[in-house]
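One structure below.
No value in this document is a laboratory result; all are computed from the given coordinates. Just so we're clear, the structure is a prediction, and the values are computed from it rather than from any experiment. In this analysis, Cβ positions are derived from the backbone assuming ideal geometry, glycine residues included, and neighbour counts consider all displayed protein chains.
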Amino acid sequence: MSRHGTASVNGSLNVNSMKLEAVGANTMHLVTTAEKELKNESVRGFSVFDENANKLDHKLRLCGSSMQLIGISVGVLNATYHLRKALMRLQFLVRENAAYLHEGQVELNTTKNIHDVKPDMKVNGRIYVLQPKEKNECKRKPNILDGMDQMAIDVRVFLDRVNEISEFEDELLNKSFLLFETSLKKRSEALRRNFANHLRQHSFKDRVNKLAGEFSKHLEQMTEALDNFLEVNQDM
């Protein structure tokens, strides 16, 4: 082959090599961009959950305050207190999980001990609900599955206590709260079945963060139901 022919072949190889490098660089850019978008979407999902949890807690606090003022049975007040506590602790665990996945993008909890996370139910500076000392709290830190289980229990107890007062029966409230209870139980069972003793795995934590999006929708519906409940019973 002549020198001219060899130069032509080498030139073509160099051009092709440059094209492949450009394609590779572009592909890497697309992958990196997609990964960043997925990460940002995951962070946004947590943020919406956190915001909706705060909104629901606010409505529960208003509900409890309204019932305290008219002297509703201590059973309803205690159920409201424990539901708020379960919600706040679930929120704590979900944030802890998200902060692990998205270090630097999600702020850590302001307290390290989950047992310090509890509401005070006050009206005019007075605490109306007895807060019994919780047994064996310091023995083991609850994990996210424990938090989901406890939330499901307290959602059901809250509904049962409210429904004991006939004039407070509310179809929308019952439907939204029962759907959340069902979702919590179903997801908790599935996570235990699929991950068992592997709760520290990244795949488990990623799955929990994705579930926060599903739970967020339930919290929003429950807040709307409570808002309607308070409006209908504003003269209670």
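A few notes on this one:
- Of all residues making up the stretch 178-193, the number that are within 30 Å of His102 (Cα to Cα) and in contact (Cβ under 8 Å) with a residue 12 or more places away in the chain: 10
- The number of residues in the stretch 199-213 that are surrounded by fewer than 11 Cβ atoms within 10 Å (Cβ to Cβ) and free of Cβ contacts under 8 Å to residues at least 60 places away in the same chain comes to 2.
- Filtered by the rule that a residue be within 15 Å of Leu211 (Cα to Cα) and in contact (Cβ under 8 Å) with a residue 60 or more places away in the chain, the stretch 94-110 gives Val94, Asn97, Ala98, Leu101.
- The set of residues in the stretch 176-203 that are part of a helix (DSSP H, G or I) and farther than 21 Å from Leu87 by Cα comprises Arg193, Asn194, Phe195, His202, Ser203.
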